[in-house]
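Bear in mind these aren't lab numbers, they're just calculated from the coordinates by the rules spelled out. Since the model is a prediction, treat every value here as computed from it, not as a measurement. Glycine gets a Cβ as well: all are built from the backbone with ideal geometry, and neighbour counts include every protein chain shown.
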Amino acid sequence: MIEAYANRYTYVLVAALVAIGLYILIASQNLVKKIIGLSIFQTGIFLFFITAAFVEGGSSPVIDGEGLYASPLPQVIVLTAIVVGVALTAVALALIVRIYSEYGTLDEETLREVRADE
Amino acid sequence: MSDSLLGLVIVLPLLGSAVSLGAGLIRNHAGWWVAAAILAVEAALTARLAYAIYVGGDRLVHILGGETFGRKEITVDGGTTNFTVGIELVGDALSGLVVVLIAAVALGVLAYSRHAGPRGNIFYAVYLIMTGGLMGVALTGDLFNLFVFLEIVGLATYALVSTGRGVESAVASLKYLVVGTTGASIYLIGVGYVFLETGALNMVDVSRSLAGEPPWFDGALYSEPLVVAGFGFIAVGLATKSAIFPLHTWQPDAYSEAPDAVTVYISALASTSSAYAFARITWMVFTPDFFAVNRRLLEAVLVLACVSVVVGSALAAMQRRVKRVFAYSSVAQFGLIFAAICIAVHPAAGERATQFAVYGTAVHLVGHAVIKSGLFAAAGSLASGEGARKLEEYAGLASRRPFVAGSMAVLGLSLVGVPPSVGFVGKWYIGVGAVNAELWAVVAVIFASTVLSLLYTAQLLEKLYFSSDIETHPMESVVADGGEALSYGMAGVGVTAAILAVSLGFLGADLASLLDPVWQAVAESAPEVTA
């Protein structure tokens, strides 16, 4: 059991990142921090794919003759997913800017009170 | 067999969005015309596609990237099998129906938005991007590619929702973004798990690997923890995107705060495309063989779907604002669709049950899109024509807007499931499927759903037809009588949807028979739909 964790410590790190990201997403009242949490959550998933691509003793997948290489497919996947993630963060921040310029707050609780008053 | 038509259907709207932005630099009002031209060509292409699929009986396949990619021989540990390298687009009897639906609704909503707005070239550009994304979701045959297209649809939807006048729409859009992205990411985790176990992303290859077909696997992988967890993550992710209770929280806000034209579009297609994706993955990738081993897993989704039907309807009946009534009603209807998807692959389902559940899924998916887009279009017409957005304000509007109110009544009754409408046919098939599978609890929920949807539809009709408008519209009714904000295009969409809902009801059996190759493939646990 301990050996399994010693060899696969990156999976534990990934699980921790996903959990931290989700926790911030749910628990934080601040809209910008929520988006930071979302990004950490997604980064955890990306690292999960990268970790899965690792081959013990393999080199980076620039194919040059026979030999062991890390799997290139998850890396391509992550590259695409990162682009999607960046676009999402940009849209989210744009929306937050609009909300802030209208209500003057980033706090979810205050926002709810302000909206209830109107 | 490679058919570049499939690629063209996805690329055309995406390129068109750039053209409509560019044309906007030259002439200010060019956006609508560009979008209309692109979508008209798109409709013609999808008609051609549907003809090849349903009349020609083809299964169209296109692999992106040319010669380097395609079906290749793979050898692992001395065993050899064929795997697809690269991204595959698939046009079969299941995706053809969705593609035609998307093209038709996109054209209809464009007619609606001509007058209702939001206008501006950026709106039409994003609108076209969303159409392209939806086509991608419908046609892709690759699990990861599906994630990318889901996120393209998501991004476009977030942008469209936030085009509402007030800042409220930005708040709703942000909520949608956070929940929607989390859902899509959870789907991605599921795909990652399945990928680790099978080493494939192509839906057909994953399905074959799960069945243990490649020689390097030691029998089927159905009971592997990674695969079981993978299905769980995929189901939760797509249920979030389809707004199944209790993952629906983004949906009522997004639907009610978005501009009317946008609500019509996303209510008809956004959740529909994710529900379709769930059907495809459940039926074609995991197949009934998987659920024969993991019965509990399927039943968990089935329970969630049934709860969604009941709670969604109850919440809908409690709303005061008409758009929120319809939004919560979608939660219930998608619960019904998810239930049908699960019945089709349930271990207790024989061939007949699978057949009717597949029919029911497809007919109700199409029917719900037509009905709900028509209802939101009618609600939007009454909002801009009469300023009525709450249930109370609908009092007596039938006498002033007979056509809009009439189409709303027809569509509402169709949603309840009054024959001869498409809503009836869909619910009937799902019900017959459940009866054949002898899932009596589900049968009870399906028939209860009819009564429950009558709850909120009756409220609406009572206000429209049987309440006097004296108290609620004292003097302004005379002023508002002109109703200049209401165009023929806007009222026309509601009326067209009502006519479609009834005529599709008569054509329900023909519509369902298009799905024959699909249910046969599901019944045999085949990885692909062969015509």
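Treating segment A:2-117 as a set of equal point scatterers at the Cα positions, no solvent, please give the Debye-formula log₁₀ I(q)/I(0) at q = 0.15, 0.22 Å⁻¹.
-0.78, -1.18
Enumerate the calculated ³J(HN,Hα) couplings along segment B:272-282 in order (Karplus 6.51 cos²θ - 1.76 cosθ + 1.60, θ = phi - 60°), each rounded to whole Hz, writing x wherever the residue is Gly or Pro.
So the J values, rounded to whole Hz, are 4, 5, 6, 5, 4, 4, 5, 4, 4, 5, 5.
Hey, can you grab everything whose amide H is under 5 Å from the amide H of B:VAL61? Only 5+ residues off in sequence or another chain; H modelled, so Pro and N-termini drop out.
B:ASP3, B:GLY91
Against the empirical 2.2 N^0.38 Å scaling, what ratio does the C-alpha Rg of segment B:66-113 come to?
Ratio of Cα Rg to 2.2 N^0.38 Å: 1.97.
Using a 7 Å offset from the Cα along the Cα-to-Cβ direction at both A:TYR9 and B:ASP77, what is the distance between the two label points in nm, to one decimal?
3.0
Provide a whole-number value for the mean count of partner chain Cβ atoms within 10 Å of the Cβ atoms in peptide A:85-98.
Averaged over the peptide's residues, the number is 5.
Quick one: putting +1 on the C-beta of Lys and Arg, -1 on the C-beta of Asp and Glu, what dipole do you get for chain B around its Cα centre, in Debye to the nearest 20? Please report the intermediate quantities before stating the final value.
On the way: 26 positive and 36 negative charges, 238 e Å.
Charge dipole of chain B: 1140 debye, to the nearest 20.
Distances over 25 Å make up what percent of all Cα-Cα pairs in segment B:1-132? Could you put the intermediate results ahead of the total?
Details: 3379 of 8646 pairs.
Value for segment B:1-132 (Cα pairs over 25 Å): 39 percent.
By how many degrees, between 0 and 90 and to the nearest 10, does the Cα long axis of helix A:108-117 differ from the longest principal axis of chain A?
Tilt of helix A:108-117: around 30 degrees.
For A:47-58, what's the mean count of beta carbons from other chains sitting within 10 Å of each residue's beta carbon? Before the final figure, lay out each step's value.
Details: counts 0, 5, 7, 0, 0, 4, 0, 0, 0, 0, 0, 0.
For this peptide, the per-residue mean of nearby foreign Cβ atoms is 1.
Got a sec? How would B:PHE466, B:PHE245 order by Cβ neighbour count within 10 Å, fewest to most? Display every interim value, and only then the final one.
Details: B:PHE466 10, B:PHE245 23.
Placing the least packed residue first, the sequence is B:PHE466, B:PHE245.
At q = 0.13 Å⁻¹, work out log10 I(q)/I(0) for chain B with the Debye formula, treating every Cα as an identical point scatterer and leaving solvent out; two decimals please.
-1.26
For segment B:303-316, in order, what is each residue's ³J(HN,Hα) by Karplus, 6.51 cos²θ - 1.76 cosθ + 1.60 with θ = phi - 60°, in whole Hz (x at glycine and Pro)?
Going residue by residue, I get 4, 4, 5, 5, 4, 4, 4, 5, 5, x, 5, 5, 5, 4 Hz, with x marking Gly and Pro.
Shape verdict for segment B:1-76, please, from the Cα gyration tensor: rounded (a/c under 1.5), prolate (a/b greater than b/c) or oblate.
Values: a/c = 5.82, a/b = 1.81, b/c = 3.21.
Cα axes put segment B:1-76 in the oblate bin.
For segment A:2-117, what's the relative contact order in percent, using C-alpha pairs closer than 8 Å and at least 6 residues apart?
23
Among DSSP beta bridges whose residues both lie in the protein assembly as shown, state the antiparallel percentage, nearest 5.
Of those bridges, close to 95 percent are antiparallel.
Averaged over every viewing direction, what's the projected area of the C-alpha convex hull for the protein assembly as shown? Give it in nm², one decimal, please. Present the calculation step by step, with values, prior to reporting the outcome.
On the way: hull surface 118.1 nm².
Directional mean of the projected Cα hull area for the protein assembly as shown stands at 29.5 nm².
Please turn the phi angles of segment B:381-392 into ³J(HN,Hα) values with the Karplus equation 6.51 cos²θ - 1.76 cosθ + 1.60 (θ = phi - 60°), one per residue in order, whole Hz, x for glycine and proline.
Once θ is set to phi - 60°, the couplings for segment B:381-392 become 5, 5, 5, 7, x, 10, x, 8, 10, 9, 4, 4 Hz.
Shielding of B:167-178 by partners, i.e. mean partner chain Cβ atoms within 10 Å per residue?
Partner Cβ neighbours, averaged per residue: 6.
Once amide H atoms are built 1.01 Å from N in the peptide plane, which residues 5 or more positions from A:TYR69, or in another chain, come under 5 Å H to H?
Close amide H contacts, sequence-distant or interchain: A:SER59.
Could you list A:THR105, B:THR140 so that the one with the fewest beta carbons within 10 Å of its beta carbon is first and the one with the most is last? Show your work: numbers first, answer last.
Working: A:THR105 15, B:THR140 27.
Fewest to most other Cβ atoms nearby, the residues stand as A:THR105, B:THR140.
Sort B:TYR112, B:TYR222 by Cβ crowding within 10 Å, fewest neighbours at the top.
Details: B:TYR112 27, B:TYR222 19.
With the sparsest Cβ surroundings first, the list reads B:TYR222, B:TYR112.
Let me confirm the definition first: pairs of Lys residues in chain B, 8 or more apart or on different chains, C-alpha distance under 30 Å. How many are there?
For chain B, qualifying lysine pairs total 18.
Please list, in chain and number order, the residues 5+ apart from A:ASN30 or on another chain whose amide H is under 5 Å from its amide H, with Hs placed from the backbone.
A:GLU108
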